[in-house]
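Engineer: The structure under discussion is supplied below as structure tokens; questions concerning it will follow.
The values are calculated or read from the model by the stated rules, or taken from the named source; none is laboratory data. From a predicted model like this one, the values you see are computed outputs, not experimental measurements. Cβ sites come from the backbone with ideal geometry, for glycine too, and all protein chains shown count toward neighbours. Side chains are part of the model used for accessible areas, which takes the heavy atoms of the whole protein and leaves out ligands, DNA and RNA. Shrake-Rupley method; radii C 1.70, N 1.55, O 1.52, S 1.80 Å.
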Amino acid sequence: MDARQLEYFLAIVDHGGFSRAAAALHVAQPSLSQAMANLEADLGVALFHRVGRGVVLSEAGQELLEPSRRVLRDLAAVRDTAAALAGLHGGTVEVATMPSPGIEPLTTLIHRFAALHPSVTVSTHAAFTPDEVISLVRSGACELGLLGSATPVHPTALDVLHVEDQPFVVVAAPGGTIEDDVTVRPEDLAGQKLIASRTGSLMRQIVDDITAGGTGTEIVTIVDHRTSILPLVLTGVGVAVLPSSWTRLARRCGAVVAPIEPTAHLHVAMVSLPAHLTPGARAFLSLTRSLAERRAPGA
């Protein structure tokens, strides 16, 4: 067994088949197939079930996924550590992130990280729930995960760094009854059309509480992609309740942003494996820790 075989194995899984993996790796498909046949022979188990022209991961293959990612991550850490002896040069930091934390604090983190380590690439992976972020980190697909949750998370076998608490705000198009930076209460939203995310998120829970309060508000549209919300607000479709991470972007786009009382808070945290971090990931985590300290209440 060698690292190349494990890299090929993961590529087949991640790209959904031999032909796509071969194209992504820039190798001939027969070479890829032979490498997998050799790996299966060495291990004494089948990693894939051949179904028609496709493949399905076997139970043994499922068990090999996480160890394979860890082995390749450790090898990358060895290479990066050697490079780090002369400074942090090159490499990639893989970060899983949810939409709202992906606006802020991720924007600030990447901006500062790029200034400090311009030769290191930050690659973000989309996730839409805390569980998805945690799964990506646990599997080794990402070294770091930035998430937002209704309550603080405590996943087993992962380190958790609390970054900040983001209060929710109302975002609306200019020229309406909602004024910028003027606190509103649920009853002040009487008659408003609301843009909401799907059931299950803290954002949707707040919207449901508002509509259930008898203020005459109603949901006008439901979106899966949070990036659709601000354009819908600006075109006058309705108002939205969003974490305060959206405030700066919303105002730059011309929207008004108002605090809402009472409000909930989105608990933003960075999760990571307790070991096996590459130098780039350690540097990014250290930068996140410094930001958290500066944004802590009373800091």
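Engineer: Would you mind computing Rg(Cα) / (2.2 N^0.38 Å) for the stretch 199-298, counting N as its residues? Don't skip to the answer; put the middle values down first.
Structural biologist: Numbers: Rg = 17.5 Å, N = 100, 2.2 N^0.38 = 12.7 Å.
So the Cα radius of gyration is 1.39 times the expected 2.2 N^0.38 Å.
Engineer: Write out the trypsin sites (Lys or Arg not before Pro) in the stretch 1-71 meeting two conditions: DSSP loop, and at most 10 other Cβ atoms within 10 Å of their Cβ.
Structural biologist: ARG53
Engineer: Follow-up question, since we're still on this one. What do you get when you divide the Cα radius of gyration of the chain by 2.2 N^0.38 Å, with N the number of residues?
Structural biologist: So the chain has a normalised radius of gyration of 1.20.
Engineer: At 222 nm, what helix-only mean residue ellipticity would the chain give, in deg cm²/dmol to the nearest 500, using -39500 (n - 2.57) for each DSSP H run of four or more?
Structural biologist: Details: 11 runs with 126 residues, N = 299.
Here the helix-only value at 222 nm equals -13000 deg cm²/dmol.
Engineer: Identify the GluC sites (Glu not before Pro) of the stretch 92-188 meeting these criteria: DSSP loop state and at most 16 other C-beta atoms within 10 Å of the C-beta.
Structural biologist: Sparse-neighbourhood loop GluC sites (Glu not before Pro): GLU179.
Engineer: Ignoring ligands, DNA and RNA, what accessible area per residue does the stretch 213-299 give at 1.4 Å, in Å²?
Structural biologist: That works out to 46 Å² for each residue.
Engineer: Roughly speaking, to the nearest percent, how much of the chain's 1.4 Å accessible area is carbon and sulfur?
Structural biologist: On the chain, the fraction of accessible area on carbon and sulfur atoms equals 54 percent.
Engineer: Of GLN205, THR177, SER135, whose Cα points farthest to the positive end of the dipole of the chain (charges on the beta-carbon: +1 Lys, Arg; -1 Asp, Glu; origin at the Cα centre)?
Structural biologist: After comparing all options, I get SER135.
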